[in-house]
Structures are given as C-alpha cells and as structure tokens.
Amino acid sequence: MCGIVGYIGPRNCVPIILEGLKRLEYRGYDSAGIAIVNNGRITIEKRAGKVIDLVNKIGSNNGKFAATLGMGHTRWATHGEPNDVNAHPHFDLDKEISIIHNGIIENYQAIKTKLLREGHTFVSATDTEVLAHLIGEMYKKTGSLSAAVRYALAEIEGTYGLVVLSTHEPDKIVAARKGSPLILGIGDGENFVASDASAIIEHTRQVVYLEDGEVAEITTSGFRTMTIDDVATQKVIQEVTFELSQIERGGYDHFMLKEIHEQPETIRNAMRGRLMVEEGDVKLGGLSHVMDKLVNARRIIITACGTSWHAGLVGEYMLEQIAKIPTEVEYASEFRYRNPIVGEGDVLFLISQSGETADTLAALREAKGKGATVLGIVNVVGSSIARESDGGVYVHAGPEIGVASTKAFTSQLTVLALITLMLARAKGMSKADGQVLARELDTLPSKVARILEDTTSVRALAREFKNTKNFLYLGRGSNFPVALEGALKLKEISYIHAEGYPAAEMKHGPIALIDENMPVVVVVPRDGIYDKVVSNIQEVRARRGRIVAVANEDDNDIDSMAEFVIRVPRTYGFFGPILNIIPLQLLSYYIAVERGTNVDQPRNLAKSVTVE
Ligand code: M6R
C-alpha cells in the first residue's frame, strides 16, 4: 500500500528519497510527502497527487530544500480523503517529531479523544497524526526517541510500518513494523529504510528484514534492533538479488505490457532446476522436508486474495484431478474470521505475489496457530508470508510493478502444476504418465511466446469494444477461474464492469443481461467439456449476444459460432489456463490503452494490500 523510504548519511537525502518514492509509486499513490531534518528543524513538503507533483513543488524551492537526514512517503488513503493536509509526513504537537506510516491505527479515535482533552489540536483526519502526537507525549516522559516510539506503540492497536524523525535526536531514524513490511538498507557510511527493496537497490543490495514487533534505531554508521519491550534482537544481513533493469520499463509503454511479454521467460524460471522432464518428476527444495505431511494430508486448503485466489481455484482442479488430494480454496479474508476447523493433518497453501497481503498473512497465522502445516507460494523473496511459512515455493516471476497482476499469475499456476506433478508421482503416478505431463509443461513457455508473437487481432478487438459498458466472461472447469481473472483484469485497468461466470451458471441469472450490445468472452478449449461450452455459446447467440471465443488453433468449428476468435495453442487440459489467460490479459491492456486510463496505476488500487 503506502510506500516508505528514509535516508541517513553524508549525501543530500532529497534526490535519493524522491527517486525512491517514484519507484514505490506503484504501491499506492494518492499523495506523497517528504520530511527533512536540518538546522534544528523539520521541514515537510507534501502534496496530493503523483510524486511528480511533489517533485515540482520542491523544485520551485530554489534548491534550499536539502539535508542529510530525511524520509518520504506515498500514501494510499485509509483515514481521511487524499489531500495535501492528510498526506504524510505528520508532526507531533510541537513540530519536533515527524512520522510516516503504513497501516491502520484501530484505536486512534480513543487516543485522539484523550489527547484532545489534554489540549492537543489536530490538522488532519488521519490516524497517523494521532500516533505522531502520542509519540510526542511519550518523548516528554522518556527523553528518548526510540523509547517514545516503543511506549507509544505499546498503547496502540493496529498495524504499522513506521518511520520517525526528530529534531531532538537529529543523528538517527527510528523505524518499527507490525503487519506492514519494512527493511533496512545497509550502505557504506550511509543507511536506508524502505517498505520495499526496489526503493533503495540503486544504493545498496544489503538488507535487513524487520520482523513484526521490532523497532530499529538507524544511524549513519549502523543500526540496532529491539522488541517493543526493549529486548535486543539479532539480525542477519541478506542480499537482494534482482536487477535494477527488472524494475524499469525497458522500452515498453507500460510495466503491465512488459510483464505480459516476460511470461515465456518467467514461466521458464518457475520451472528451472525443478522440472525433471526425463524422470517425469519434480523437485522442490522448499517442500522436501514436508513431503510426508503433503502426501498424507487429510486435505489441502488454499487461501489467497484476488488474482492469487484465482490461481488457487485452478490449483484445486490440478490437485484433486491429478494428485487426487481433496482440496478446498477460500478467500483469505473469509478464512481468517470464520474460526476454521483446521489442525494437524491439514496443509495450507498461501498464495501471494507480494507475500505481504494482510488477509493472507492473517490466514497463515490462524492456521499455523491451530497446528496446520502452512506453505507459501510467493513471489517476493523474503516477504512476510515467505518467512512465516513452514516451507514453500518461490514463483520467481521477478518484480511485478504493474498493479494488475499478470506474470505472477501464470507463474503461480506453473508452480501449482509442479506441486501437483510432484505429489502425483509421490502418490503412485507412473513414470511414463509423469513424463507426459512434464514434457507438456516444458512446452508452455514456447506456446506462450507464440500467443504473444502477434497481437493484432486482440488490438482490433480492443478498438471494437473500447466503449462497451459491460462484459461477461464465461469458462468451465479449470477455465472458470480464467473467466474470473479475465474479468478482474478488465475491471481493474479499464474500469469497465465485467463479470466472470461458470458458463453453465449463465442461465441461472446473468443471461438476463444479454442483448446485442453484450460482449461475452468464452474460454472454449477443445477439452472434454467442449460441447457443453458450445451449448452455452448457442444460448448467448440465441439472444444476439456477441461472442468472443478463446479457442484452440486447430478448432475449425468455432468460427461459425463466434463473431471473434482468439487462437491459443493446445495443451493438456489442466495446464490450459496458463495459455488461455494470456489473450485476456492483452485484451484488458489494449482496451485500457484505447480508453486512456492509467494502466500501471489504476485508480483506487494498490499493489500490495497490507491493510484489512
Ligand atoms: O500480493 P497478493 O498476490 O497477495 O495480492 C492479492 C491481490 O491483492 C491481488 O492479486 C490483486 O487482486 C491484484 N490487483 C490483481 O491484479
């Protein structure tokens, strides 16, 4: 959600922080701000809008805005509308302390009421300003910035990734985390703090991941970490491995388009060193120690949100049909609050691109607390879900910057296919059958590349439908989640209303929507239920709906039934979603471009949803 970057060292922090904020903008971006400490005072510049608006505002400050200690923030509004006043950083009452914050202070109203009674006044509608004032009060009692932060945090309920600066102690940054990611960047005679490594990898690759409940004091020469109760903690410095080029657009108009086109490579990366084609088997190091639990699992539960939940729905088909393990899929946000009956014998897979989604992390903790084995299928290395899981598999899609998830989805599906094949073999699938699946998986990157070679027909479709108000997406079996995901992609970036439905469910309600203006995108590969989906197509045609079919290259019957056909190569049934989603990603992308929306940073959305 919000982005955080802080710097302490010999250089002017302002360009470092502004550049970091630009790289963090994809996380959440209705306003941005920066605070610097210089000559015994804190100066704040902040502005609703994009980071560039902040840059322009500071640019007009005649170069006087400079310091060697500072912090910046991109905000995704929770409390209070996105305007200049509610933007972070916020001051305490005396303007001696300033904070930036990602998360939600749930009991801020009670604290605010108490502080108001004590004479405080507030300028913003945010929970963060209340926390700033509380830290200010605690400073008066303790005379130490880190103690003030710890004492204040002991009083609050909620989540935070927090950075605090003060004129009282202008030689340090204090940071704390609970529920929102925060890393320290360790430089040479300078140090950083950020919510995401992408903000600082230009300067250092050495990072320290803060854990929930940890507070850090960062100076130019080093750092120390402690719990809220002031017990020192030991940290390991780790190396970030991704390259700067991976978080740049590389000649593409948008990150989303770049990420769509990266999929042959990212799918290959998800399989690299894991898929053993000749053995017809799979090796996943992060699961080897829990193989017994997996093979003997009473059931597998997959929990996730959004696109990752759609991947889980496809995984359910794979795991039940191929590996023969009973599997359930549930939204993490529902799972966490329904007091689920889980325990030993259950295995939970948590799927998450960011590894920081608050609901998914909470589901993990709920299940782990009840004795289940929890395993992550995660993209971001070192993220909270990856670290708190009992084991898991990284999808290795590389940084995904576009808010609409694309390459992470196909990599999640690929990893689910690998897990399925590994478990199927462990549960008795023959080597010969394993080889058939492994060989097919091995062909997927080149098949995806084939789909991406020529996008003319999808672009033509986008022009045809750019002004359409509603779309229906239909699919059956493992392609029902593809319909859901296609509809989600369109909604997210073009703001066109779209619904995904199991094709056969259409006649139980949505069919009422169909008329000559309604495009119906049908995923209809030549599989065992082809004829059934064709019947659903006929039901749409009988009501003059406009059929857009995603069909196999060698399907010669479909042209007579569909107004538009997008071709994809054939593959083994349960791997089909990995191919079938590609044209739907492209369709939503090109429609959004035609409509002139902000493809990479769609309104109201954030890349990583770290609040409930
Ligand atoms: O990082 P996660 O995979 O846990 O994120 C889950 C959802 O927030 C995410 O998939 C969201 O739906 C995307 N915007 C989809 O494009």
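Each Cα pair under 8 Å and six or more residues apart adds its separation to the average, and for the chain the resulting relative contact order is 12 percent.
Note on the chain: dipole from Cβ charges, positive end direction compared against 428, 184, 252; the farthest Cα belongs to 252.
Rounded to the nearest 20, the Cβ-based charge dipole of the stretch 454-604 about its Cα centre (Lys and Arg +1, Asp and Glu -1) stands at 400 debye. Straightening the chain between residue 464 and residue 125 buys 117.6 nm, computed as 0.36 nm per residue apart minus the Cα-Cα spacing. Here 485, 388, 243 are placed in order of increasing Cβ neighbour count within 10 Å, fewest first, which gives 243, 388, 485.
Here the chain carries DSSP beta bridges of which approximately 60% are antiparallel, counting only pairs with both residues inside.
Across all directions, the shadow cast by the convex hull of the stretch 454-604 built on its C-alpha atoms averages 8.3 square nanometres. This model, with +1 at the C-beta of Lys and Arg and -1 at the C-beta of Asp and Glu, gives the chain a dipole about its Cα centre of some 320 debye. Descending by average beta-carbon neighbour count within 10 Å, the peptides 372-379, 48-55, 313-320, 535-542 line up as 372-379, 313-320, 48-55, 535-542, the highest first. Taking 18 Å as the limit for the C-alpha separation, the pairs 466/607; 112/172; 235/370; 258/407 exceed it in the case of 466/607; 112/172; 235/370.
Structural descriptor for the stretch 244-452: relative contact order 31 percent, calculated from alpha carbon pairs under 8 angstrom and at least 6 residues apart.
For the stretch 3-240, just say rounded, prolate or oblate: build the C-alpha gyration tensor, square-root its eigenvalues into a ≥ b ≥ c, call rounded for a/c under 1.5, and beyond that prolate if a/b exceeds b/c, oblate if not. Here the stretch 3-240 falls in the rounded category. According to the calculation over all Cα-Cα pairs in the stretch 84-131, the P(r) per 10 Å bin from zero is 28, 60, 12 %.
Evaluated with a Cβ-only charge set (Lys, Arg +1; Asp, Glu -1), the stretch 244-452 carries a dipole of roughly 280 debye about its Cα centre, given to the nearest 20. Positive end of the dipole of the chain (Cβ unit charges, origin at the Cα centre): among 17, 418, 382, the Cα lying farthest that way belongs to 17. In terms of its alpha-carbon gyration tensor, the stretch 244-452 comes out oblate; a/c meets the 1.5 threshold, while b/c is at least as large as a/b. With unit charges on the beta carbon (Lys/Arg positive, Asp/Glu negative), name the residue among 604, 218, 290 whose Cα is farthest towards the positive pole of the charge dipole of the chain. So the residue furthest toward the plus end is 604. Highest mean packing comes first when the peptides 30-36, 514-520, 246-252, 304-310 are listed by Cβ atoms within 10 Å, giving 30-36, 304-310, 514-520, 246-252.
Describe numerically, in nm with one decimal, the distance between label points set 7 Å from Cα along Cα→Cβ at residue 324 and at residue 64. Spacing of the two 7 Å Cα→Cβ label points: 7.8 nm. Modelled this way, with points 7 Å down the Cα-to-C-beta line, the labels at residue 84 and residue 556 are 6.9 nm from one another.
The stretch 174-191 and the stretch 518-582 have Cα centres separated by 50 Å. Modelled spin labels at residue 299 and residue 253, positioned 7 Å past Cα toward Cβ, are 4.6 nm from each other. Compactness of the chain, taken as the C-alpha radius of gyration over 2.2 N^0.38 Å, stands at 1.01.
Shape analysis of the stretch 214-367 places it in the oblate category; the axes a ≥ b ≥ c from the Cα gyration tensor give an a/c of at least 1.5, with a/b not above b/c.
The stretch 6-32 and the stretch 119-173 have Cα centres separated by 21 Å. When you count the other C-beta atoms within 10 angstrom of each residue and take the mean per peptide, 140-147, 89-96 line up highest first as 89-96, 140-147. Pairs spanning more than 21 Å between alpha-carbon atoms, out of 507/532; 283/431; 293/368; 22/95; 46/491: 22/95; 46/491.
None of the figures in this text is laboratory data; all of them are computed from the coordinates on show. Quick caveat, the model's predicted, so the values are computed rather than measured. Reconstructed Cβ throughout: ideal geometry from the backbone, glycine too, with neighbour counts over all protein chains shown.
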